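These notes concern the structure reproduced below.
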Amino acid sequence: MTIALAVAAVLLVLALLGLVHRWLWIRLVRDTTAPGGRARRTGTALAFALPVLALAALVAGRAGAPFWLQRAVSWPGYLWLAVLLYLTLAMLVAEAVRAVWLRRANGAPRAAQPLSPCSLPVTAVSF
């Protein structure tokens, strides 16, 4: 019973970690970069590498990895976990602001603006 509970907790934490990384990738990489661009490829690579590095930092000491390997993965892995926490909290606040902003931009009636000659549609005239 205790082992099953521990396995369930580990799976829940891994699923949560994966979902948070996916959500951050969508908001910070997919929604802001062009497909196939260098920034998107870099962001996608980091979205896969950083959670693996964080898991390696958490597991390396318990698995009995050599000290040089523990040292190599510990500081970037734990640093990413701290950045992930603050980035997730900041993006949660930004999601609320984004929802209000989008509602206001799409739903609010706009004041009628007079047409200037530059804003009139151009149509082809045939003789």
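The values are calculated or read from the model by the stated rules, or taken from the named source; none is laboratory data. What you see is a predicted model, and the numbers here were worked out from it, not measured in a lab. Positions of Cβ are backbone-derived with ideal geometry, glycine not excepted, and every protein chain shown enters the neighbour counts. Side chains included, ligands, DNA and RNA excluded: accessible areas come from the protein's heavy atoms. Shrake-Rupley method; radii C 1.70, N 1.55, O 1.52, S 1.80 Å.
What the table shows:
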| read-out | value |
| --- | --- |
| Chymotrypsin sites (Phe, Trp or Tyr not before Pro) lying in DSSP loop within the stretch 1-71, provided at most 15 other Cβ fall within 10 Å | none |
| Pairs of alpha carbons in the stretch 1-116 whose separation is greater than 26 Å (percent) | 42 percent |
| Accessible area (Å², 1.4 Å probe, nearest 10) - Val100 | 90 Å² |
